[in-house]
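Q: Dropping a structure here in structure tokens format, bear with me for questions.
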Amino acid sequence: MPNACKLAAGNWKMNGLRADLLEARALARAFPSPGCGILLCPPATLIAGMAEALRGSALMVGGQDCHARESGAHTGDISARMLADAGARHVILGHSERRADHGESSAEVAAKAHAAHGAGLVAIICLGETEAERDAGRTLDVVLGQLQDSLPQGAGAANTVIAYEPVWAIGTGRTPTRDQIAEVHDALRDAVPDKAMSLLYGGSVKPGNAAEIFAIANVDGALVGGASLKASDFGAIITALDAA
Ligand code: PEP
């Protein structure tokens, strides 16, 4: 079975001004030839500037969302082709903050992922249960249901990455136990149509817990929010992934 690629992906969410590109430059200097993929997903306003700042480095740039259509009357939205044109290689889709704040369904996520693939982007599709769903014993039902409904036709390891992000662990400082992460990642590995798809864990990954998380089978990397904003913190997480 081919190995999945290791990936450390940073989600800057709605954080970052042009001055913060120095963090991306510092990271590029620290990892001239990393043993894993390194991706930064800044807000849309910084994608082109970050791609320019990282030109010639090993680091990649991605978006945080895209529209399912290529162009048209969709004020405020950005198409996958526009992201690619700005220098993005990946796009995060179906993050729980978008599912909650913008009512995005898995069917919409699948349509966006289809558009991303059409533009040559790798879609990072986010899945995860709420605390109430976990407490009700529905974690695997929810996550595997989201997987089935969010994956477009033609999804494979070359164009799709899966990020398991329990909603209750995002930005809270709480992380699941090793066994809880392993249970979901093992089930995802069984369920994905291409066994070489990278499976990322996301939710309060920090320099202090990264090595332990990366030691879990079927965890191929992380989607990191708060700890990706500073090159020193994200660099420590990348070093842990490199070593795993
Ligand atoms: C995220 O935004 O995808 C995330 C995992 O955030 P944090 O690392 O801050 O929990």
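The values are calculated or read from the model by the stated rules, or taken from the named source; none is laboratory data. What you are looking at is a predicted structure, and each value in this text was computed from that prediction instead of being measured. All Cβ positions, even for glycine, are placed from backbone atoms using ideal geometry, and neighbour counts span all protein chains on display. Accessible surface is based on the protein model in full, side chains and every heavy atom, while ligands, DNA and RNA are left aside. Shrake-Rupley method; radii C 1.70, N 1.55, O 1.52, S 1.80 Å.
Q: For the stretch 1-140, count all C-alpha to C-alpha pairs, find those more than 19 Å apart, and express that count as a whole percent of the total.
A: 55
Q: Using only Cα atoms, what Kirkwood radius does the stretch 7-243 have, in angstroms?
A: This gives a value of 17.6 Å.
Q: Another question, if that's okay. In whole Hz and in residue order, list the ³J(HN,Hα) couplings for the stretch 208-225 that follow from phi through the Karplus curve 6.51 cos²θ - 1.76 cosθ + 1.60, θ = phi - 60°; x for Gly and Pro.
A: Values per residue, Gly and Pro as x: x, 10, 4, 4, 5, 5, 6, 7, 7, 4, 6, 9, 9, x, 9, 9, 10, x Hz.
Q: Going highest first, how would you order 158-164, 70-76, 207-213 by mean Cβ packing within 10 Å?
A: Descending mean neighbour count gives 158-164, 207-213, 70-76.
Q: Mind listing the long-range amide H neighbours of HIS67? Cut-off is under 5 Å, sequence gap 5 or more, other chains count too, H placed in the peptide plane at 1.01 Å from N.
A: HN-HN under 5 Å from HIS67: ILE78, SER79, ALA80.
Q: Ordering HIS114, HIS185 by accessible area with a probe of 1.4 Å, largest first, what comes out?
A: These residues rank, largest area first, as HIS114, HIS185.
Q: By a straight-distance test (C-alpha under 18 Å), which aspartates and glutamates pair with LYS206 as possible cross-link partners, with residues fewer than eight away in the same chain excluded?
A: LYS206 reaches GLU23, GLU165, ASP220, ASP233, ASP242.
Q: So how many Å³ per residue does the convex hull of the Cα atoms of the stretch 119-244 work out to?
A: Dividing the Cα hull volume of the stretch 119-244 by its residues yields 109 Å³.
Q: With a 10 Å radius around each residue's Cβ, average the other Cβ atoms per peptide and rank 9-17, 169-177, highest first.
A: Put in order of decreasing packing, that is 9-17, 169-177.
Q: 7 Å from Cα along Cα→Cβ at both GLU52 and ASP135: what's the point-to-point distance in nm?
A: Each label point lies 7 Å from its Cα, and together they span 5.0 nm.
Q: Can you work out the Karplus-derived ³J(HN,Hα) for every residue in the stretch 87-93? Use 6.51 cos²θ - 1.76 cosθ + 1.60 with θ = phi - 60°, whole Hz, and x for glycine or proline.
A: x, 6, 10, 10, 8, 6, 10
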